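Read-outs throughout are calculated quantities, based only on the coordinates presented, and are distinct from any laboratory measurement. Here the structure is a predicted model, which is why all the values come from computation and not from measurement. When we count neighbours, we look across all protein chains shown, and the Cβ atoms used for this are built from the backbone with ideal geometry, even at glycine.
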Amino acid sequence: YITNTTANYQSHIILDPGRTANFSCAADGDPLPTVQWYWDGVAIEGATDWEYSIHNISEASEGYFYCNATNCAGSANSSSVRLTVNDMPTIMVDPGNGTNVIPGDTVVFNCSSMGASPISYSWFHNGTLISGETGANLTLVNVVSAVAGNYSCIASNSAGSIESRFGYLHVWTV
């Protein structure tokens, strides 16, 4: 007989890239069953222990995992455990190539990104962090020549960070 075949105690595991995903299988039976792990329905070669780990995971590691317990009385599959790997941010819209304005204008730089939530933002002017600016948009109101220069952002989440290209702001003198 085979009873109580289970894999992990969660149906969905979400981890950051580079981490280790650990799976465990439990089954009762007489005689004691052997185990085979499956990934998206395909047997994983050599994965025949009660525990299975994937080291240094990436998006390529994602999928559904389950164990199959087998003995002379038959076999039973555990329920599937879904593995999802968080996406690092990808910048979809960066501050742009260059913006020309006159003193007193308002300028908006955008740093739209995609990836696992939450995503936080940091803005930089000529390589120096702009304190308090943490949104996807940076708005400069009533600009003066002192704010001319390179602007960039860093988008970050639990999976990592990415820096945008520079956007140059030129303030014409009148």
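Hey, how much of the P(r) for region 103-174 falls beyond 21 Å, as a percent of Cα pairs? It would help to have the intermediate numbers written out before the result.
Values: 675 of 2556 pairs.
Cα-Cα pairs of region 103-174 separated by over 21 Å account for 26 percent.
If I histogram all Cα-Cα distances within the chain using bins 5 Å wide from 0, what percent of pairs lands in each bin?
Computed distribution, short to long bins: 2, 8, 14, 13, 10, 7, 7, 6, 6, 6, 6, 5, 4, 3, 1, 1, 0, 0.
Length gain on complete extension for the stretch SER120 to ASN4, per 0.36 nm per residue less the alpha carbon to alpha carbon distance? Before the final figure, lay out each step's value.
On the way: separation 116, 0.36 × 116 = 41.76 nm, distance 4.33 nm.
So the chain would gain 37.4 nm between SER120 and ASN4.
Between region 87-132 and region 20-41, how many Å separate their Cα centres?
When both Cα centres are located, 48 Å separates them.
Of the listed peptides 135-145, 108-118, what is their order by residue-averaged count of other C-beta atoms within 10 Å, with the highest listed first? Each step should come with its number before you reach the end.
Values: 135-145: 14.2, 108-118: 16.9.
The densest-packed peptide leads the list: 108-118, 135-145.
Starting at the first residue of region 129-140, write each ³J(HN,Hα) from the Karplus equation 6.51 cos²θ - 1.76 cosθ + 1.60 with θ = phi - 60°, in whole Hz, x for Gly and Pro.
My calculation for region 129-140 gives 4, 8, 4, x, 9, 10, x, 6, 10, 10, 10, 10 Hz in order.
Taking amide H positions as placed in the peptide plane 1.01 Å from N, state which residues far from TYR168 in sequence (5 or more) or on other chains have amide H under 5 Å from it.
Residues meeting the criterion, in which the H sits 1.01 Å from N, are GLY98, THR99, TYR151.
Please flag any cysteine in the chain that has no other cysteine's Cβ under 4.7 angstrom from its own Cβ.
So far as the 4.7 Å Cβ criterion goes, CYS72 stand without a partner in the chain.
Given the Cα atoms of region 1-57, and with Rh set as the inverse mean 1/r over their pairs in the Kirkwood sense, what is Rg to Rh to two decimals?
On the way: Rg = 12.6 Å, Rh = 12.6 Å.
We get a ratio of 1.00 for region 1-57.
For a quick check: with amide H placed at 1.01 Å from N, whose amide H comes under 5 Å from GLU133's, ignoring anything fewer than 5 positions away on the same chain?
TRP123
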